[in-house]
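Accompanying notes for the structure given below.
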Amino acid sequence: MSATVSTSSTPAIDLARARQKRRAWWLKQLHTWHWISAAVSLIGMLLFSVTGITLNHAADIPTTPVVARGQAVLPAPLLAELRAVAKQAVDDGAAVAMPAATGAWLADTLDLRLGDAAVEWSADEAYVSLPRPGGDAWVNVDLATGDVERETTDRGWISYLNDLHKGRHAGVAWSLFLDVFAVACLLFSLTGLWLLHLHSKGRRLTWPLVGFGLLVPVVVALLFIH
């Protein structure tokens, strides 16, 4: 005679099953968003980890800036246009961009792209400062003679990456990337924290290690930063 297995449930069993289903759903969601945010932020985290070390030891890393200079003479039609623009800028006291034709000539002749860089106008000259990650540049146009001088400074790849880390002179697109990267890192950290919570019952060292990770920077900041 075969035994009959009861499939009846009780409120306690139903509640336990509901909790298990809810926990399984959260685990699936958290793992999904955790690996997505990890994939999105992986290369950025590697970059910022490496440049965190290079920035912390910037004084110990030797750099030899490479300076390049160039000269040219602005064509007469462009010089005439530039004089008119300079007069307008000085008279109005307003910010006036470099004429497109002159900007294109500078790019072709001196390999110098101005983009939306601000121009410092005076009665005698037009000067543009072009700071950039890992270096610097400037161009000066003598409005009397049309002589153009430019100088570029390259401080190397480490300085370039360090400036990207700080978002220094990197432009709007890089600033947008930093925002997206920061959100991905925040999502990665928060989903990781929640996963730690869900798995902490079986891992006794979870919260002591989290607490240690919080305690170390707090103690260092309080005792050694003045």
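Across Ala39, Ala86, Ala144, mean-square fluctuation computed from a Gaussian network of the chain (C-alpha pairs under 10 Å connected) peaks at Ala144. Mean sequence separation of contacting Cα pairs (under 8 Å, at least six apart), scaled by the length of region 66-155, corresponds to a relative contact order of 35 percent. Would you mind checking the tilt of helix 11-56 against the longest principal axis of the Cα atoms of the chain, expressed as 0 to 90 degrees and rounded to 10? For helix 11-56, the angle is close to 30 degrees. Within region 74-97, name every residue whose backbone N is under 16 Å away from a label modeled 7 Å from Cα of Asp147 along the Cβ vector. Label zone hits: 74-75. Note on region 193-221 and region 85-111: Cα centroid distance 57 Å, given to the nearest whole angstrom. Between Ala100 and Val73, the contour length at 0.36 nm per residue exceeds the Cα-Cα span by 8.0 nm. Counting only C-alpha contacts under 8 Å and six or more residues apart, can you give the relative contact order of the chain as a whole percent? Relative contact order for the chain comes out at 23 percent. Against the chain, whose longest principal axis is taken from its Cα atoms, helix 171-199 shows a tilt of about 10°.
Against the compact-protein benchmark of 2.2 N^0.38 Å, the Cα-based radius of gyration of region 66-155 scales to 1.04.
Give me Ser122, Ser37 ranked fewest to most by other Cβ atoms within 10 Å of their Cβ, as a rough exposure proxy. Kindly include the intermediate steps, with their values, before the conclusion.
Working: Ser122 11, Ser37 20.
With the sparsest Cβ surroundings first, the list reads Ser122, Ser37.
Straight-line cross-link reach from Lys21 at under 29 Å between alpha-carbon atoms covers these lysines, not counting any fewer than eight positions away in the same chain: Lys201. Calculated mean residue ellipticity at 222 nm for the chain: -20500 deg cm²/dmol, from DSSP H runs with n ≥ 4 weighted as -39500 (n - 2.57), summed, divided by the residue count and rounded to 500. Principal-axis analysis of the Cα atoms of the chain puts helix 100-110 at an angle of about 90° to the longest axis. For the peptides 211-219, 167-175, 182-190, the ranking by mean Cβ contacts within 10 Å, running from highest to lowest, is 182-190, 167-175, 211-219.
Applying 1/(1 + (r/R0)^6) with R0 = 45 Å to the Cβ-Cβ distance of His197 and Thr63 gives a FRET efficiency near 0.50. Ordering 101-111, 57-67 by mean Cβ neighbour count within 10 Å, with the highest value first, yields 101-111, 57-67. Taking the fewest neighbouring Cβ atoms within 10 Å as the starting point, the ordered list for Phe181, Phe224 is Phe224, Phe181.
Taking the chain, how much of its Cα-Cα pair set, in percent, is spaced more than 34 angstrom apart? Summing the P(r) of the chain above 34 Å gives 49 percent of all pairs.
Read the figures in this text as sums done on the coordinates, not as results from a lab. Because the structure is predicted, anything quoted here is derived from the model rather than measured. As a convention, Cβ positions derive from the backbone with ideal geometry for all residues, glycine included, and neighbour counts pool all protein chains shown.
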